[in-house]
Amino acid sequence: MDMTRRSFLGTSAGAMLVAGTMAQHSAFGANDRVGVCCIGIHGQGGTHIRNFSKASEAEVVALCDVDQNVLEARAAEVEKATGKKPKMYRDMRDAFADESVHAVSIATPNHWHALAAAWACQAGKDVYVEKPFAHSFWEGQQLVKAARAWNRVVQHGTQQRSDAVRIRDMKLMAEGKFIGPIVHARGYVYKNGNRMDIGRGKPGDPPAHIDYNLWLGPAKDRPFLWREGGEATHEPGGLFLHYNWHWFWDFGNGESGNQGVHEMDVAAWAASGKGLPVRVASTGGRYKWQDDGETPNTQAIQFTYADGTMLSFEVRNLGSFNEASDDNCSNSAFATDGYWVKDKGFFDYANNPIPVPADAELPESWSPYENFIKSVKDRNWDGIHGNPDEAFRSCAHIHLGNIAYRLKRSLEFDPEAGTFKNDEEANALLKGNYREPFVFPEIA
């Protein structure tokens, strides 16, 4: 397979990609360093750059961003810190064709996550992809297939998967003996702070330093909007750039698909033996703010599994308060004989602490970034902290919950078929609509 930018541009709506024989950098020597290209480097991408630069067996060899100003500023930072100037790309397809790039990290807006990751897999690159794993349910299914088809390491950016205490506690709960079987998992995100009125948008020409066509990528055509009014501080001028895209369905997944992914991942992890739900309901709204944002700032989602147990999730951006945790983002899981609270431990139903068994040792663990590089070198899917199967399952809950919210009704879901039962309107929202030539490939 000749992997060039031209072959990416040739992808069309009807394309069916079949795994080729590419085995680029499938094996690394003990002293080989993994060349990383960080893609999407304005916000969280800056964290990627710093952490991969510090990783003992990695080197940031390239950067990619559609914003020329951001690209140049980040490249200067890397050069100052390491003494080497990384290659700079505006179009990620050029980075994928670079043989010095062995792996990529993706911190673009959500609507680019899965397509960028699938293209990277096709190009023989390993992938660290920020949360959420995909912008839609169907994309997540396809990205799991892509990782397997091209035998790529794909790690989801849910850092709690690398926490040794979390790994130990989840193992204890999964065994079903310590506090009994889990009957209810719960997660919540009560973030406010910089979540606020984003104002209205006025159409206009995008700034010259931003390639807006590449920024839109697979999303439908819509004009660049300059922000007018509002209290949000993330955006110096553009309504979407560089953060408030989270609150538009074409680009983001709302708060449940933003900070919420981390806590939904833990909740789904606690309920991991139950698979996907058979029923989902969601309610809420975008209250108080009179802005152009589309996603809810207050949302409650409930999932029911085939055995009758449930997972519940809440989002609130209008205010926060401390509940079972000192954090405004946390988790708990309730079993037949006790309950668990993240970072607090296990308790009986008289609220007495239950000591962790002495033989439940903390597993060996690494930072998410070190774990990714380790997995790239040893090619061990089971060692990935947040592998594609886990990432898909957690993010599928978010997509299903948002579909129920958008349709304002309870939905019946068939986990085996991966579709809603007798509901064409809901099934239409499982997959996005893509803009040529940025069409998500169907993976065989």
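What does the charge dipole of the range 344-433 about its Cα centre add up to, to the nearest 20 debye, if the Cβ of each Lys and Arg holds +1 and the Cβ of each Asp and Glu holds -1?
My answer is approximately 460 debye.
Label the range 363-444 by shape, choosing from rounded, prolate and oblate, from the square roots a ≥ b ≥ c of the eigenvalues of the Cα gyration tensor; if a/c is under 1.5 it is rounded, and otherwise prolate applies when a/b is larger than b/c, oblate when it is not.
The shape class here is prolate.
Could you go through the range 397-405 in sequence order and give the Karplus-derived ³J(HN,Hα) for each residue, using 6.51 cos²θ - 1.76 cosθ + 1.60 with θ = phi - 60°, rounded to whole Hz, and x for Gly and Pro?
My calculation for the range 397-405 gives 4, 5, 5, 5, x, 5, 5, 4, 4 Hz in order.
What's the magnitude of the charge dipole for the chain around its Cα centre, counting Lys and Arg as +1 and Asp and Glu as -1 at the beta-carbon? Answer in Debye, nearest 20.
Here the chain has a charge dipole of around 320 debye.
Please list, in order, the residues from the range 120-138 whose amide nitrogen is less than 15 Å from a point placed 7 Å along the Cα→Cβ vector of residue 32.
Those under the cut-off are 124-127.
Under a point spin-label approximation (7 Å from Cα along Cα-to-Cβ), what is the residue 380-residue 192 distance to one decimal in nm?
Result for the modelled spin labels: 4.6 nm.
Going by amide H atoms built from the backbone, whose H comes under 5 Å of the H on residue 58, apart from near neighbours?
Long-range HN contacts for residue 58: 34.
Name the residue from 53, 97, 41 whose Cα lies farthest towards the positive end of the charge dipole of the range 30-161, charges +1 on Cβ of Lys and Arg and -1 on Cβ of Asp and Glu.
53
Evaluate E = 1/(1 + (r/R0)^6) for residue 336 and residue 364, where r is the Cβ-Cβ distance and R0 equals 35 Å; express this FRET efficiency to the nearest 0.05.
Computed FRET efficiency for residue 336 and residue 364: 0.65.
How many percent of DSSP beta bridges within the chain run antiparallel, rounded to 5?
About 60 percent, rounded to the nearest 5.
In the range 170-276, what trypsin sites (Lys or Arg not before Pro) fall in a loop by DSSP, with at most 15 other Cβ atoms inside 10 Å? All intermediate terms of the calculation are to be shown ahead of the outcome.
Values: sites: 171, 177, 186, 191, 195, 200, 220, 227, 274; in loops: 177, 191, 195, 220.
Those that pass, being in a loop and sparsely packed, are 177, 220.
Using 0.36 nm times the number of residues separating residue 351 and residue 431, minus their current alpha carbon distance, what extension gain do you get?
Value of the extension gain: 24.4 nm.
Once amide H atoms are built 1.01 Å from N in the peptide plane, which residues 5 or more positions from residue 155, or in another chain, come under 5 Å H to H?
The list, which skips near neighbours in sequence, is 127, 128, 129.
Under 8 Å for C-alpha pairs, at least 6 residues apart: give me the relative contact order for the chain, rounded to a whole percent.
Averaging sequence separation for qualifying contacts and normalising by length gives 21 percent for the chain.
For residue 184 and residue 444 in one chain, what is 0.36 nm times their gap in residues minus the Cα-Cα distance, to one decimal in nm? Spell out each step's value before the answer.
Working: separation 260, 0.36 × 260 = 93.60 nm, distance 3.63 nm.
Gain on extension, residue 184 to residue 444, equals 90.0 nm.
The range 57-100: which trypsin sites (Lys or Arg not before Pro) are DSSP loop and have at most 12 other beta-carbon atoms within 10 angstrom? Kindly include the intermediate steps, with their values, before the conclusion.
Details: sites: 74, 80, 84, 87, 90, 93; in loops: 84, 90.
Sites meeting the loop and neighbour criteria: 84.
So, with +1 on the Cβ of K and R and -1 on the Cβ of D and E, and no other charges, what is the size of the charge dipole of the range 50-173 about its Cα centre, to the nearest 20 debye? If you can, show how the numbers build up before the last one.
Details: 18 positive and 16 negative charges, 89 e Å.
Using only the charged Cβ atoms, the result is roughly 420 debye.
For the modelled label position 7 Å from the Cα of residue 343 along Cα-to-Cβ, which residues of the range 155-182 have backbone nitrogen atoms closer than 13 Å?
It comes to 160, 166, nothing else.
Tell me the mean residue ellipticity at 222 nm calculated for the chain from its helices only (DSSP H runs of n ≥ 4, each -39500 (n - 2.57), averaged over every residue, nearest 500). Before the final figure, lay out each step's value.
Working: 12 runs with 125 residues, N = 444.
Roughly -8500 deg cm²/dmol at 222 nm, from the helical runs in the chain.
Using only the Cα atoms of the range 315-424, build the gyration tensor, take square roots of its eigenvalues as a ≥ b ≥ c, and label the shape rounded, prolate or oblate: rounded if a/c is under 1.5, else prolate if a/b is larger than b/c, else oblate. Each step should come with its number before you reach the end.
On the way: a/c = 1.85, a/b = 1.15, b/c = 1.61.
Oblate, because a/c is 1.5 or more while a/b does not exceed b/c.
Every number in this text was worked out from the coordinates using simple rules, so none of it is lab data. Just so it is clear, the model here is predicted, and its values are computed rather than measured. Every residue, glycine as well, gets a Cβ built from its backbone with ideal geometry; the counts of neighbours run over all protein chains shown.
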